[in-house]
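What follows is a short report on a single structure.
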Amino acid sequence: MGKYFGTDGFRGEANVTLTTDQAYKVGRYLGSYFAKQKKNGGRARVVIGKDTRVSSYTFEYAIAAGISSSGTDVYMMHVTTTPSVAYITRTDHFDCGVIISASHNPFYDNGIKLINNSGEKMDGEVVTGIEDYLDGKIGELPFATGEKMGHIVDYISGRNRYIGYLISLGMYSFREKSVALDCANGAAWSIAKSVFEALGAKTQVINAEPNGLNINKDAGSTHIEGLQKYVVEHGCDIGFAYDGDADRCLCVDEKGRVLTGDHILLLYAKYMKSRGKFVTNTVVTTVMSNLGLYKALDAEGIGYVKTQVGDKYVYDYMKEHKNKLGGEQSGHIIFSKYATTGDGILTSLKVMEVLLARNVPASKLFDELTLYPQTIVNIPAADKSVLEDGRVAEVIEDAENALGSEGRILVRGSGTEPLIRVMVEAKTEDDCKEWAETVARIIRTAIAAKGE
């Protein structure tokens, strides 16, 4: 990770740790960089999308101004999802895609995600150049003048083509199914309902009235209790919850139970294998997936690998090894045949495909996975080097020895927030809580000793 760009872009509190001036400079560098790549008078093109948070509009204009003033054309998709920008960047042959979003974070945070011309996370060379420019290590970039100035173009048609692409992936009619969608007052608000209604579902939507301040607030995949209640009270067959930029999806079955990314990975791996489509017979997970998933995959004779936390690492491994299915417990699921990123709406369509193919209630699809109890404690920590403290290492080793083969502990610094996360899985809730709090207490003590 760089100074500004982490595993999921440049993220911070809007106009505090991620400022409008920095957004403008990111645009200036991108515009200048890609303009220089063009030969024989061709024009570079960058496409921009954003989520619904109030600062996204400010950052959108700042980045667009920076790009166009440096001689590159800007195409504005406006409010749209992260995977839609990745799709359009790749299929419409843009030089770069920009998504303005802080994903599942609260409204006062924001972020800048960069996509390369293959629809994948941006290459390190470009990111390093941006960071050097932000730090003043690169001299001032020239402004484009006259006819070399970049144009700014409305490109809502790109979003509409993405909607059409999703609809084209529906293998079955949803006509007899009642589906609830929680759009988190975010980017899915403008897309998800259109897709499900086009496929014939009786579609009911909640948290689809964004006002700039309510994105992810008591809504979406990070606050799924509202969807659980809604599905049961309204007799829905299934519910899907997205996050702010709709690159992740969690499900709720007709009984109101939450179905995680691990459930979805097992469900679709078994479905692919039953159809003879699972060529590599391997699911790509992160170290955060539940122990229960691995035991269930073992029972099915399906292989798996574990990467670092972050859909970037999942996708990189999948690309290198030609895997078709991977993702995270949090609901970032990657179907590499169809997308280069996690895509929440695509994920919900794939779950619907299995539901309709097997013709059983949603609850039956997930009964074969027994999750181990899990406790996660988040500890505020701007300086994550405290994890190198000897006392911290010692208590983690004690936990590992006590949990043995029927549990595990994972302690890591978040790549998107100033947090240290302690995750414990064990046979009982009590064991989880006891060890998570024990380790967290030592970490807090170490932080206090460093004067944070």
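Given the Cα-Cα distance of E320 and I167 and 0.36 nm per residue of separation, how much length would full extension add, in nm?
52.2 nm
Distance from the alpha carbon centroid of region 337-401 to that of region 93-121 works out to 22 angstrom. Checked against a 32 Å cut-off, the cross-linked pairs K319/K384; K50/K202; K38/K384; K38/K217; K148/K337; K202/K270 give Cα-Cα distances beyond that limit for K38/K384; K38/K217; K148/K337. Taken one residue at a time, the phi angles of region 184-194 give Karplus couplings (6.51, -1.76, 1.60, θ = phi - 60°) of 6, 6, x, 5, 5, 3, 8, 10, 4, 4, 4 Hz. Gly and Pro are set to x. Can you give the direction-averaged projected area of the convex hull of the alpha-carbon atoms in region 306-452, in nm²? Answer in nm², one decimal: 10.7.
When the P(r) of region 139-224 is calculated, the portion above 21 Å amounts to 51% of the C-alpha pairs.
Only Lys, Arg, Asp and Glu count, each charged at its Cβ (+1, +1, -1, -1), so figure out the dipole size of the chain about its Cα centre, rounded to 20 debye.
Roughly 1500 debye for the chain.
Normalised radius of gyration (Cα atoms, divided by 2.2 N^0.38 Å) for region 374-449: 1.03. Basic side chains Lys and Arg get +1 at the Cβ, acidic Asp and Glu get -1 at the Cβ, and with that the dipole of region 330-400 about its Cα centre reaches some 660 debye.
Within the straight-line cut-off of under 17 Å between alpha carbons, the lysines reachable from K255 are K177, K229, K364, sequence neighbours fewer than 8 places apart in one chain being disregarded.
The alpha-carbon of K3 sits under 12 angstrom from the alpha-carbons of these aspartates and glutamates, leaving out residues fewer than 8 places away in its chain: E131, D132, D135.
Projecting the Cα atoms of I379, L169, N105 onto the charge dipole of the chain, computed from C-beta unit charges around the Cα centre, puts L169 farthest toward the positive end. In terms of surrounding Cβ atoms within a 10 Å radius of their Cβ, T20, T416 rank from fewest to most as T20, T416.
At a Förster radius of 22 Å, what calculated FRET efficiency corresponds to the Cβ-Cβ distance of N401 and K306, to the nearest 0.05? It would help to have the intermediate numbers written out before the result.
On the way: r = 21 Å, r/R0 = 0.95.
For N401 and K306, the calculated efficiency is 0.60.
Shown for T19, T375, T80: other C-beta atoms within 10 Å of each C-beta, ranked fewest to most, produce the order T19, T375, T80.
Length available on full extension from T91 to K295: 0.36 nm per residue minus the Cα-Cα distance, which gives 69.6 nm.
Starting from 0.36 nm per residue, how many nanometres of slack lie between K148 and E368 once their C-alpha separation is accounted for? Working shown, then result.
On the way: separation 220, 0.36 × 220 = 79.20 nm, distance 6.02 nm.
Going from the current span to full extension adds 73.2 nm.
The share of alpha-carbon pairs in region 5-157 lying farther apart than 19 Å comes to 47%.
When the dipole is taken about the Cα centre of region 169-366, and only Lys, Arg (+1) and Asp, Glu (-1) are charged at their Cβ, what size is it in debye, to the nearest 20? Working shown, then result.
On the way: 23 positive and 22 negative charges, 155 e Å.
Using only the charged Cβ atoms, the result is roughly 740 debye.
Highest average first, the peptides 312-318, 274-280, 116-122 ordered by how many other beta carbon atoms sit within 10 Å of their residues are 312-318, 116-122, 274-280. Each peptide in 436-447, 329-340, 395-406, 240-251 was scored by the mean count of other Cβ atoms within 10 Å over its residues; highest first, the order is 240-251, 329-340, 436-447, 395-406.
Take the Cα of L213, step 7 Å toward its Cβ, do the same at H234, and the gap between the two points is 2.5 nm.
Only Cα sites of region 177-304 enter the Debye sum here, all with the same form factor; the resulting log10 I(q)/I(0) across q = 0.22 1/Å is -1.16, listed in q order.
Each value in this text was obtained by applying a stated rule to the coordinates, not by laboratory testing. For clarity, every value in this text was computed on a predicted model and none was experimentally measured. Don't worry about glycine lacking a Cβ; one is built from the backbone with ideal geometry, like all the others, and counts go over all protein chains shown.
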